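All remarks here apply to the structure that follows.
The values are calculated or read from the model by the stated rules, or taken from the named source; none is laboratory data. Please read these numbers as outputs of a predicted model, since none were measured by experiment. Virtual Cβ from ideal backbone geometry, glycine too; neighbours counted across all protein chains shown.
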Amino acid sequence: MKILFTGGSGKAGRHVIPYLRMQGHHVVNLDLVPLGQEGVVDLKTDITDAGQVAGAFASRVDLTTLDEGGGGGGYDAVVHFAAVPRIGLVPDVECYRVNVLGTYNVIEAALRAGIRKIVIASSETTYGICFAEGRMQPDYLPIDEDHPTVPHDSYAMSKVVNEATARSFQARSGADIYALRINNVIEPHEYARDFPDYFAEPDIRRRNIFAYIDARDLGQIVDLCLKAEGVGYRVFNAANDAPSVHLPTAEIVERWYSGVPVRRELGRFETLYSNARIRKELGFAERHPWWREVADPLGERGQASE
Ligand SMILES: NC(=O)c1ccc[n+]([C@@H]2O[C@H](COP(=O)([O-])OP(=O)(O)OC[C@H]3O[C@@H](n4cnc5c(N)ncnc54)[C@H](O)[C@@H]3O)[C@@H](O)[C@H]2O)c1
């Protein structure tokens, strides 16, 4: 597929794009800063400017095919990751403005360009725990896509609004539009650097509901979304199978979630941020669990026991 990817120069995009290219996709990256990866065209575009975004969908990006004519465009799908990725980077209202306006502009322009598959980055923060004022508990565990989304902060509010925007555009167009509620993205170099701290002090991971998504496994999820057909509007949690700490799930529940209803029996090392839907409906199968990257303090998982 020929994919227009927004925000590909960021933490997630720089791993997702190579994964998509390995699957044979052709990727053009719309971002304020270049990704600079060989084989990926960077088109500097501000997603908050509707004119730039609409223009980007039609712009010629490949100068080597000028002789053939035909101009630009011709995308099969859009993956929209560009955003201010959390509170605390710019004033709250600017985070909200960039994310909400940018997402409206990208989806509207994509549909006007005749694109029938759009994948947008939503967030775990929509569930209201990550950036909550005070210690917020989930309504129930594991957190699945039906859990209420009533966050306190402007970043998560922008993602809730973006999901509503996506849903309405889907209803109007009949296109396939999926929102990925991505958990905390972990890049390959972060396992050795950060996970020992998570094992020593698991409470660090409380606001992420102890979950994570490997950046390369996120690539697999995006690719599965691109290959799926006729799903309409759908929200998917994006997370790996196990918590990002070494503790058994039952111990995490006992220590951190006293009084929170647990709706079903959980596996010994099952994530509390359910990825059951993406596994069941799109066939996600993680390839990069943390215990292949860093030693398990319990010694139960790891390369030796594979
Ligand atoms: N990193 C995480 O743990 C995480 C978790 C959940 C959801 N997400 C979401 O996933 C997506 C990617 O996150 P990330 O961690 O790679 O973020 P990032 O900040 O590393 O990358 C975002 C990219 O968007 C670009 N961008 C920002 N404003 C723009 C604008 N106005 N026009 C064009 N480009 C603009 C930035 O230049 C950057 O390259 C975001 O939508 C984020 O909200 C990330």
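Within the range 254-295, the set of residues being crowded, with 18+ Cβ neighbours inside 10 Å and of a type in the set (A, V, I, L, M) comprises 266, 272, 278, 282, 294.
In the set (1) touching a strand residue (DSSP E or B) at 6+ places or on another chain (Cβ under 9 Å); (2) crowded, with 18+ Cβ neighbours inside 10 Å, the condition left unmet by residue 231 is number (2).
So that you can scan it fast, the table gives a plain yes or no per residue for (1) of a type in the set (S, T, N, Q); (2) within 25 Å of residue 213 (Cβ to Cβ); (3) surrounded by 18 or more Cβ atoms within 10 Å (Cβ to Cβ):
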| site | (1), (2), (3) |
| --- | --- |
| 5 | no, yes, yes |
| 26 | no, yes, no |
| 52 | yes, no, no |
| 67 | no, no, no |
| 78 | no, yes, yes |
| 84 | no, yes, yes |
| 98 | no, yes, yes |
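Beta carbons closer than 8 Å, at least 6 apart along the sequence or on distinct chains, pair a first residue in the range 256-273 that is assigned to a helix (DSSP H, G or I) with a second that is crowded, with 19+ Cβ neighbours inside 10 Å for 256/210.
The set of residues in the range 175-222 that are away from the ligand (no atom under 15 Å from the Cβ), part of a loop (DSSP other than H, G, I, E, B) and either closer than 14 Å to residue 290 by Cα or touching a strand residue (DSSP E or B) at 6+ places or on another chain (Cβ under 9 Å) (or both) contains only 175.
Residue count for the range 150-174 under the criterion of being assigned to a loop (DSSP other than H, G, I, E, B) and either touching a Pro at 6+ places or on another chain (Cβ under 9 Å) or surrounded by fewer than 19 Cβ atoms within 10 Å (Cβ to Cβ) (or both): the result is 3.
Only one of the numbered conditions (1) in contact with a strand residue (DSSP E or B) (Cβ under 6 Å, 6 or more places away or on another chain); (2) modelled with pLDDT under 95 is not met by residue 306, and that is (1).
Here is the figure for the range 240-253: residues that are out of contact with any Pro (no Cβ under 7 Å at 6 or more places or on another chain) and surrounded by 17 or more Cβ atoms within 10 Å (Cβ to Cβ) total 4. Residue 244: assigned to a loop (DSSP other than H, G, I, E, B), within 12 Å of the ligand (Cβ to nearest atom) and either free of Cβ contacts under 8 Å to residues at least 12 places away in the same chain or among the hydroxyl-bearing types (Ser, Thr, Tyr) (or both), yes or no? Taking the combined requirement at face value, the residue satisfies it. Kindly establish whether residue 145 is at pLDDT 95 or above and in a helix (DSSP H, G or I). No.
Among the strands (runs of 3 or more DSSP E) confined to the range 1-118, the ones with at least 2 residues that are closer than 20 Å to residue 173 by Cα and away from the ligand (no atom under 11 Å from the Cβ) are located at 2-6, 77-80.
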